[in-house]
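Scroll down for the structure; my scribbles are underneath it.
The values are calculated or read from the model by the stated rules, or taken from the named source; none is laboratory data. Being a predicted model, the structure only gives us computed values, none of them experimental. Here the Cβ positions follow ideal geometry from the backbone for every residue, glycine too, while neighbour counts run over all protein chains shown.
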Amino acid sequence: MSDSSEPRAQHGPVTSEALNQMLKTPCDEVFAFSSDGETYTAPKCLIGTPVRKITETEDYWKSGWLSLETFLAQEKNEEKAKAEAHGQLIRDPSNKNAKKMHKIHTDNVSKHRKIREIFGKNSSYHPNQLVSKHHLPAEGLCSKEIMYKLACKISDCQILRDKGELIMDPFDFIRWRVWLQLRSQLNFAAQSGRDYVKPILSQIFEDCETAMSRPYKDPLLRAAIIRSAGYQNRLNSYGTVANKGKGIDRGTKAVAGSKGIDSKVVRNKVAVSSRVEKTRKRPAQPSTYQGVNGFRAQQRARQASENDD
């Protein structure tokens, strides 16, 4: 697969037609895999990255990366600190420090829960597989604020997938949009994007019209997130531009045929791996990974059918 086959990020006003066209982009137009199906060969930002969720004990893991497991294990401590601060407030409602600490730990607990929901042990997503390790910053992407932002946006994209509008898996979708920004910064084949990934993540979901200094704009992705917010009755979170519906159509119908593609994958029940099969059977999990793995399942099903013939 060549990069020329991938649509580029759009700049300027977003129409509902353009947004729908982006949302129905299938994963096989963006992602490709090694012959054994274990690693990515496209897009370039994922070359060599394992398809399955990585662990911290395998060779792919770099020792300098922040630990996802260690972060997740801190949730109990945050719960305890929140309870202690709450107890202090009950005993002394005028205690300003207790009020401050209660707010801090309440926010931290909320972030931990969302991160665990999307990146926890029952998920097949890992933040350090957003791009290949060649493009990751030295510490990886397992810091609280980065993971929380990614987790929230993955959840927003899952709403669109549940509505039948987004065909790609939500994590795959965000990877694709990040790559469209990253590749414009890479001038030669072996260049690393490690200096660009975090700035891209800090800007790519934000309003393109409020700051001219933001080079990493993706109006289509922003419009998708705002559409999801509309379904969740959260448009006030996105300011006046979102509330006026500028650049997007809130009442857009689901993309025709997108649900059928996913249903076919489920009906085939192709066991790509025990992990994928286990994940597929959890219908209530928004972090279910059915994107590239679903595409691989379709490929193997077709190959098996051809062999039988």
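For K246, state whether it is of a type outside the set (V, I, T), surrounded by fewer than 22 Cβ atoms within 10 Å (Cβ to Cβ) and at pLDDT 95 or above. Considered against the rule, which asks whether it is of a type outside the set (V, I, T), surrounded by fewer than 22 Cβ atoms within 10 Å (Cβ to Cβ) and at pLDDT 95 or above, K246 comes out as no. Just a yes or no: is a residue in segment 183-195 touching a Phe, Trp or Tyr at 6+ places or on another chain (Cβ under 7 Å), surrounded by fewer than 22 Cβ atoms within 10 Å (Cβ to Cβ) and modelled with pLDDT under 95? Yes.
Per the conditions (1) out of contact with any Ser or Thr (no Cβ under 6 Å at 6 or more places or on another chain); (2) at pLDDT 95 or above; (3) outside any helix (DSSP H, G or I), the sole criterion not satisfied by P13 is (2).
The set of residues in segment 162-171 being surrounded by 24 or more Cβ atoms within 10 Å (Cβ to Cβ) and of a type outside the set (A, V, I, L, M) consists of D169, P170, F171.
If I115 satisfies every condition in (1) more than 26 Å from R177 (Cα to Cα); (2) assigned to a helix (DSSP H, G or I); (3) not basic (K, R) but one, which is the exception? Exception for I115: condition (1). Put simply, of S132, S110 the only residue that is in contact with a strand residue (DSSP E or B) (Cβ under 9 Å, 6 or more places away or on another chain), modelled with pLDDT of 95 or more and of a type in the set (G, A, S) is S132.
When we screen N122, N108, N97, N128 for residues that are over 24 Å from K198 (Cα atoms), in contact (Cβ under 8 Å) with a residue 12 or more places away in the chain and not small (G, A, S), the only hit is N122.
Kindly list, by first and then second residue, each pair from a residue in segment 24-40 that is free of Cβ contacts under 8 Å to residues at least 60 places away in the same chain and surrounded by fewer than 16 Cβ atoms within 10 Å (Cβ to Cβ) to a residue that is acidic (D, E) and in a loop (DSSP other than H, G, I, E, B), limited to pairs with Cβ atoms under 9 Å and residues at least 6 apart or on different chains. Partner pairs satisfying both residue conditions: E29/E6.
Looking only at residues in segment 73-97 that are assigned to a helix (DSSP H, G or I) and of a type in the set (S, T, N, Q), the one that is farthest from I146 (Cα to Cα) is Q88.
Of T41, T70, all but one fail to be closer than 23 Å to L136 by Cα, within 28 Å of the chain's Cα centre (by Cα), polar (S, T, N, Q) and not in a helix (DSSP H, G or I); the exception is T41.
Report, by residue number, each residue of segment 75-93 that is under 29 Å from the mean Cα position of the chain (by Cα) and surrounded by 14 or more Cβ atoms within 10 Å (Cβ to Cβ). Answer for segment 75-93, where residues must be under 29 Å from the mean Cα position of the chain (by Cα) and surrounded by 14 or more Cβ atoms within 10 Å (Cβ to Cβ): E75, E78, E79, K82. For the condition surrounded by 12 or more Cβ atoms within 10 Å (Cβ to Cβ), free of Cβ contacts under 8 Å to residues at least 40 places away in the same chain and of a type outside the set (F, W, Y), E58 does not qualify.
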